[in-house]
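S.K.: Take a look at the following structure, please.
Since every read-out is calculated from the coordinates, none of them should be taken as a lab result. None of the values given here were measured: they were computed from a predicted structure. In this analysis, Cβ positions are derived from the backbone assuming ideal geometry, glycine residues included, and neighbour counts consider all displayed protein chains.
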Amino acid sequence: METLPPSFYAQFTLIIGGLDSVKARSWMNATLLQLYHDGAIESGLPIPFIDGGTEGLKGNARVIIPEVTPCFDCLDYLFPKQTTFPLCTIANTPRLPEHCIEYAHQVLFVDHHHRPVDTDSGDDVSWVFNAAKARADEYRIDGVTFSLTVGVVKNVIPAIASTNAIIAAVCVTEALKLTQGIGEFLNNYLLYNGQGFHFMCTQFEACDDCRTCQQMVGQERIVVRREDTVKAWLHGMQASGREVSSIIVNGRGVYFSFNPEAAVIGLRMHEIGSDTLDVTFKEGGAKSLLLEFEE
Ligand SMILES: [Zn+2]
């Protein structure tokens, strides 16, 4: 998969995402946070990320502004883990059409063909459908259809174009408000349900131990000379009033100020083996330093 460099995104005023996975949203979120954090955006302003998503008749839209609103990952508990059915239920006490389809998919097909279902094969999916239908009839369960079988087997969530259109309109409205300064922008989460037409807005809080935004707060980009020794760098830091008392690289303590002759101090900065150093300062405080090398 080709990935655009983070700098590509720095040129935009805002970004509207219509992404199809949690992973892709999380990446976009982290990229925009990092750009702002590193001062890599020419205007100096954070780039808002307007994220829309739908699932059948339901949808949501979020406005994520780096270091202003919670980030995408702050709310990752909102995403339910992939639904799976316990095998004992689908084998012994099926109650839903999905249980019958999963049983035909996971058990009957494999027993019969001695291989897993090829979800792109029409013949395979038809076989699963017929087996599931027979099982559903046996347990007097309604609702096993061919399209549901395709959905369960391929793990597809149906997309409804009108839901997409509603969420897209919400995202564009937010873009308009943010760029034109008209009205208050969505702060920060909107949930839509087409089943009964409910809109609900919630102001979520940032998560204190968010792995993405809270870690970045303690991170600092620092320019170092490639060929400087760690010893020279430590002296330079001390001269600028930031005496380092410990350095941790990849989770291993390599330097402590009580052992000033540690092996690491003879290395060049680019030889440390990581471009992230976790340091503590004599004055107090800890930082994760992101090294940027210059000649
Ligand atoms: Zn966060």
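S.K.: Distance in nm between label sites at Val68 and Leu96, each 7 Å beyond Cα in the beta-carbon direction?
M.R.: Label-label distance for Val68 and Leu96, simple model: 4.0 nm.
S.K.: Now for a different question. Share of Cα-Cα pairs in segment 87-154 beyond 19 Å, in percent?
M.R.: On the way: 464 of 2278 pairs.
Pairs farther apart than 19 Å: 20 percent.
S.K.: Of all DSSP beta bridges in segment 219-294, what percent run antiparallel (nearest 5)? If you can, show how the numbers build up before the last one.
M.R.: Details: 14 of 21 bridges.
Roughly 65 percent of the DSSP beta bridges within segment 219-294 come out antiparallel.
S.K.: If you don't mind, another one. Quote to one decimal, in nm, the extra length available between His112 and Ser162 on full extension: 0.36 nm per residue of separation minus the C-alpha distance between them. Kindly include the intermediate steps, with their values, before the conclusion.
M.R.: Numbers: separation 50, 0.36 × 50 = 18.00 nm, distance 4.09 nm.
Gain in length upon complete extension: 13.9 nm.
S.K.: Over segment 219-294, one equal point on each Cα, no solvent: what is log10 I(q)/I(0) by the Debye formula at q = 0.18 Å⁻¹?
M.R.: Reported log10 I(q)/I(0), two decimals: -0.64.
S.K.: Listing Leu277, Leu45, Leu4 from the residue with the fewest other Cβ atoms within 10 Å to the one with the most, what is the order?
M.R.: Values: Leu277 24, Leu45 12, Leu4 8.
Lowest count first: Leu4, Leu45, Leu277.
S.K.: Just from its helices, what would the mean residue ellipticity at 222 nm be for the chain, if runs of 4 or more DSSP H residues each count -39500 (n - 2.57) and the sum is divided by every residue, rounded to the nearest 500 deg cm²/dmol? If you can, show how the numbers build up before the last one.
M.R.: Working: 10 runs with 99 residues, N = 295.
So the helix-based figure for the chain works out to -10000 deg cm²/dmol.
S.K.: Could you give the length gained on full extension between Leu45 and Lys154, defined as 0.36 nm per residue of separation minus the Cα-Cα distance, in nm? Each step should come with its number before you reach the end.
M.R.: Working: separation 109, 0.36 × 109 = 39.24 nm, distance 4.20 nm.
That works out to 35.0 nm of additional length.
S.K.: Taking the Cα centre of the chain as origin, work out the dipole magnitude from +1 charges on Lys and Arg Cβ and -1 charges on Asp and Glu Cβ, in debye rounded to 20. Walk me through the numbers on the way to the answer.
M.R.: Details: 22 positive and 36 negative charges, 76 e Å.
The calculation lands at about 360 debye.
S.K.: Kirkwood Rh over alpha-carbon pairs of the chain, then Stokes-Einstein at 10 °C and 1.306 mPa s: what D in µm² s⁻¹, rounded to an integer?
M.R.: Details: Rh = 23.6 Å.
Here the translational diffusion coefficient equals 67 µm²/s.
S.K.: May I pose another question? Helix 122-138 versus the longest principal axis of the chain: what angle, 0 to 90°, nearest 10, using Cα atoms?
M.R.: Value to nearest ten degrees: 60.
S.K.: Whole angstrom only: what separates the Cα centroid of segment 133-206 from the Cα centroid of segment 246-295?
M.R.: Centre-to-centre distance over Cα atoms comes out at 47 Å.
S.K.: Debye calculation, C-alpha points only, no solvent: report log10 I(q)/I(0) for segment 1-143 at q = 0.17, 0.21 Å⁻¹, in the same order as the q values.
M.R.: -0.90, -1.17
S.K.: I need the semi-axes of the equivalent ellipsoid of segment 197-258: take the C-alpha gyration tensor, multiply each eigenvalue by 5, square-root it, list largest first in whole angstrom.
M.R.: Values: eigenvalues 320, 36, 25 Å².
One finds semi-axes of 40, 13, 11 Å for segment 197-258.
S.K.: Sticking with this one: For segment 241-256, in order, what is each residue's ³J(HN,Hα) by Karplus, 6.51 cos²θ - 1.76 cosθ + 1.60 with θ = phi - 60°, in whole Hz (x at glycine and Pro)?
M.R.: x, 10, 6, 8, 9, 7, 10, 10, 10, 6, x, 10, x, 10, 8, 9
S.K.: Mind giving me the nanometre distance, one decimal, between the label points for Asn259 and Leu4, set 7 Å out from Cα along Cα→Cβ?
M.R.: The answer from the label model is 4.7 nm.
S.K.: Simple spin-label model, 7 Å along Cα-to-Cβ: Asp120 to Gln180 in nm?
M.R.: Calculated label separation equals 4.5 nm.
S.K.: If I stretch the segment between Val217 and Arg252 completely, what's the gain in nm (0.36 nm per residue apart, minus their alpha carbon distance), one decimal?
M.R.: Gain in length upon complete extension: 10.4 nm.
S.K.: Students often get this wrong, so check it: of Lys133/Lys154; Lys58/Lys133; Lys23/Lys154, which have C-alpha atoms separated by over 23 Å?
M.R.: Working: Lys133/Lys154 17 Å; Lys58/Lys133 28 Å; Lys23/Lys154 19 Å.
Cα-Cα > 23 Å for Lys58/Lys133; rest within.
S.K.: Another question about this same structure. Around Ile272, with a cut-off of 14 angstrom between Cβ atoms, what is the net charge of the other residues, counting Lys and Arg +1 and Asp and Glu -1?
M.R.: Details: positive: Arg225, Arg226, Lys231, Arg252, Arg268; negative: Glu227, Asp228, Glu271, Asp275, Asp278, Glu292.
Local charge sum for Ile272: -1.
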